[in-house]
Amino acid sequence: MSSAVQPYPASLSAMEIVDAKDELRRAIRAEREKRSPRVRSTAAEVLARVVGDLPQVRDAQVVAAYVSRPTEPGTVPLLERLAARGTRVLLPVLGTGLAREWAWYTTSQDLQVRAPGRPPEPPGPTLGPDALSQAEAIIAPALAVDTAGGRLGQGGGWYDRVLAHAREGTCVIATVYDEEIYDAASRPLPREEHDRTVDIVATPGGWQWVRTPDAG
């Protein structure tokens, strides 16, 4: 079990939504920084099994995923596991501004950091935003998810925009640490109208539906 706490400022409900999101982001990032490299590595290996064994992922020929930053739940073991069994994996490539691009994962050795603060990216060529429509499951990063499917992202809005290119009904799976699942009844995450919800949340401790399976 993780000893990390679940931040939720007492004044959150009284804040403007944007301010509440920023407050939570700062607090959750601070908790993530406390994990040692060894703890992060172990969690990444476990998460690869949890997500890789999801029926929605296991049965997919094409999966969209992401390359984790150092403090995020690690995804490289998951990418390697998917590729080893023949799954084709789309990864984000961040263009100028909020340009939305994708490229195929090849190997972890090919991933490169192209700009400070950005996650490693595949070598390309880039495929354009519509490539996401090929994915039968989408694995998305998050700082937190609540039990109503609300997702707190990093703040750039990239995934809220890119999910518009997904095939209708494609399952979206967010990955977080165990204590980053919030009870929507008592600790709902702040949500704006444009925020896209997710269907499943996966952690090193397991996974759960946060929207009903027939909700699309």
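The values are calculated or read from the model by the stated rules, or taken from the named source; none is laboratory data. Just so we're clear, the structure is a prediction, and the values are computed from it rather than from any experiment. Neighbour counts run over all protein chains shown; Cβ positions are idealised from the backbone, glycine included.
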Where a residue in the range 89-115 is closer than 14 Å to Gly128 by Cβ and its partner, wherever it lies, is at pLDDT below 90 and among the small types (Gly, Ala, Ser), with Cβ under 6 Å and at least six apart: Glu101/Gly95; Ala103/Gly124
Candidates Val51, Val89, filtered to the one that is in contact with a helix residue (DSSP H, G or I) (Cβ under 8 Å, 6 or more places away or on another chain), buried (at least 19 other Cβ atoms within 10 Å of the Cβ) and not in a helix (DSSP H, G or I): Val89
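With the structure loaded, tell me whether Lys34 is over 21 Å from Val198 (Cβ atoms) and charged (D, E, K, R) or whether it fails that test.
Working: over 21 Å from Val198 (Cβ atoms): yes; charged (D, E, K, R): yes.
Yes, satisfied.
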Test: Val18 is exposed (fewer than 15 other Cβ atoms within 10 Å of the Cβ), assigned to a helix (DSSP H, G or I), out of contact with any helix residue (DSSP H, G or I) (no Cβ under 8 Å at 6 or more places or on another chain) and not hydroxyl-bearing (Ser, Thr, Tyr): yes
Filtered residues of the range 68-78 (kept if out of contact with any Pro (no Cβ under 7 Å at 6 or more places or on another chain) and surrounded by fewer than 19 Cβ atoms within 10 Å (Cβ to Cβ)): Pro70, Thr71, Val76
Sole exception among (1) buried (at least 17 other Cβ atoms within 10 Å of the Cβ); (2) in contact with a helix residue (DSSP H, G or I) (Cβ under 7 Å, 6 or more places away or on another chain); (3) within 17 Å of Pro204 (Cβ to Cβ) for Pro7, by number: (3)
Meets criteria (at pLDDT 95 or above and more than 23 Å from Pro119 (Cα to Cα)) for Asp214: no
Ala140 small (Gly, Ala, Ser), within 20 Å of Glu45 (Cα to Cα) and not in a helix (DSSP H, G or I): yes
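Could we say that Val210 is in contact (Cβ under 8 Å) with a residue 24 or more places away in the chain, hydrophobic (A, V, I, L, M, F, W, C), farther than 22 Å from Pro77 by Cα and touching a Ser or Thr at 6+ places or on another chain (Cβ under 6 Å) here?
Numbers: in contact (Cβ under 8 Å) with a residue 24 or more places away in the chain: yes; hydrophobic (A, V, I, L, M, F, W, C): yes; farther than 22 Å from Pro77 by Cα: yes; touching a Ser or Thr at 6+ places or on another chain (Cβ under 6 Å): yes.
Spelling it out, Val210 is indeed in contact (Cβ under 8 Å) with a residue 24 or more places away in the chain, hydrophobic (A, V, I, L, M, F, W, C), farther than 22 Å from Pro77 by Cα and touching a Ser or Thr at 6+ places or on another chain (Cβ under 6 Å).
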Some residue of the range 22-41 being surrounded by fewer than 19 Cβ atoms within 10 Å (Cβ to Cβ), farther than 23 Å from Gly117 by Cα and either under 16 Å from the mean Cα position of the chain (by Cα) or touching a residue at least 40 places away in the same chain (Cβ under 8 Å) (or both): no
Criterion violated by Trp102 - all others in (1) over 15 Å from the mean Cα position of the chain (by Cα); (2) of a type in the set (Phe, Trp, Tyr); (3) part of a loop (DSSP other than H, G, I, E, B) satisfied: (3)
Pick from the range 54-65, criterion of a type in the set (A, V, I, L, M, F, W, C) and either more than 16 Å from the chain's Cα centre (by Cα) or in a helix (DSSP H, G or I) (or both), ranking: farthest from Pro204 (Cα to Cα): Val62
Number of the condition not met by Arg81 [criteria: (1) over 24 Å from Leu152 (Cα atoms); (2) surrounded by fewer than 17 Cβ atoms within 10 Å (Cβ to Cβ)]: (2)
